[in-house]
Amino acid sequence: MFDPLLEQLNKSILLHGGRPLYIPDDLQKCISKKRNSTIKSWLWNVPGFRRWRVTRLDAGMNLQVLNSVAYPDYHYDHPLMGIDLLWFGKNEKLVAILDFQPLIQDQKYLNRYCLVLKELRIRFPQFSNEELMRSFDPHQYFSPWLLFCRGGSEQAENLISEIFLPFLNAYWSMHNDQIANSSQISIDDVQRLQAAYDHYGLEKDPAHGLFASYFGREWSNRFLREFLFPGSLGKSDDLSINL
């Protein structure tokens, strides 16, 4: 279901100078014959970003997943770009999260980098769902204008494809427009805050149980620590900064 979106994402990355990076074979692709599912991942070197990862899980009618996180270079205090799309085919249920994931919850910072999402919420009101996410604190590492939707086949087949490119283009525009501007946050603090994001994801991301159920706990533990959230080992407990 999400293959056309995956193609759009990878094409967009290539158009912006992305180059594929090496991933160990057993992390780049894993097949579960028992549950008839395959997970594939890509890692990109993109100008202006220190890391851009993409993951696609295909479990047929049971589950479809597309996930991606872009980490800007440390000398930019830009938000991370986050995409998380899940389709539960048997229940015909979509969960979609698209966001510029802020490093800090400071209003000036949020207005500077994330306000464009408010315009997308107006254009796509079904992504203004006020229902709180069940696994994450929406007030930590998520913007006030998070694009969040719980829907059915109509949203999964049509609405996602309508919002996907406008969201990607809005992020590219924000990133490119802000490159020439000075960061509010020091390089050291950006590095620390990105590591804290990985630590938070490692602790809170429900993908661990999901992946474990399809590909086993040992592989899933390694995948989360070495591919999804490798910066978690550098996490600092002191998250205060001076703007």
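For this structure, a couple of remarks:
- Every condition in (1) in contact with a helix residue (DSSP H, G or I) (Cβ under 6 Å, 6 or more places away or on another chain); (2) buried (at least 21 other Cβ atoms within 10 Å of the Cβ); (3) under 15 Å from Ile39 (Cβ atoms) is met by Leu228 except one, and the failing one is (1).
- One residue alone among Ser220, Ser143, Ser183 is over 21 Å from Lys118 (Cα atoms), outside any helix (DSSP H, G or I) and not acidic (Asp, Glu), and that residue is Ser183.
- For the stretch 65-98, the set of residues classified as charged (D, E, K, R) and in contact with a strand residue (DSSP E or B) (Cβ under 8 Å, 6 or more places away or on another chain) consists of Asp73, Asp84, Lys93, listed by residue number.
Listed here are the residues, each with its yes/no results for (1) assigned to a loop (DSSP other than H, G, I, E, B); (2) modelled with pLDDT of 85 or more; (3) surrounded by 20 or more Cβ atoms within 10 Å (Cβ to Cβ).
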{"residue": "Trp172", "(1), (2), (3)": "no, yes, no"}
{"residue": "Asp188", "(1), (2), (3)": "no, yes, no"}
{"residue": "Gly201", "(1), (2), (3)": "no, yes, yes"}
{"residue": "Tyr214", "(1), (2), (3)": "no, yes, yes"}
{"residue": "Leu239", "(1), (2), (3)": "yes, no, no"}
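- Meets criteria (under 18 Å from the mean Cα position of the chain (by Cα) and assigned to a helix (DSSP H, G or I)) for Ile104: no
- Residue in the stretch 192-199 that is more than 30 Å from Gln28 (Cβ to Cβ), in a helix (DSSP H, G or I) and either under 15 Å from the mean Cα position of the chain (by Cα) or at pLDDT below 95 (or both) present: no
- Of everything in the stretch 38-89 that is among the small types (Gly, Ala, Ser) and within 16 Å of the chain's Cα centre (by Cα), the residue that is nearest to Asn111 (Cα to Cα) is Gly82.
- In the set Arg112, Arg51, only one residue is among the basic types (Lys, Arg), in contact with a Leu (Cβ under 8 Å, 6 or more places away or on another chain), in contact (Cβ under 8 Å) with a residue 12 or more places away in the chain and closer than 20 Å to Leu193 by Cβ; that residue is Arg51.
The values are calculated or read from the model by the stated rules, or taken from the named source; none is laboratory data. Predicted, not measured: the structure shown is a model, and the values here were computed from it. Here the Cβ is made from the backbone with ideal geometry for all residues, glycine too, and neighbour counts use every protein chain on show.
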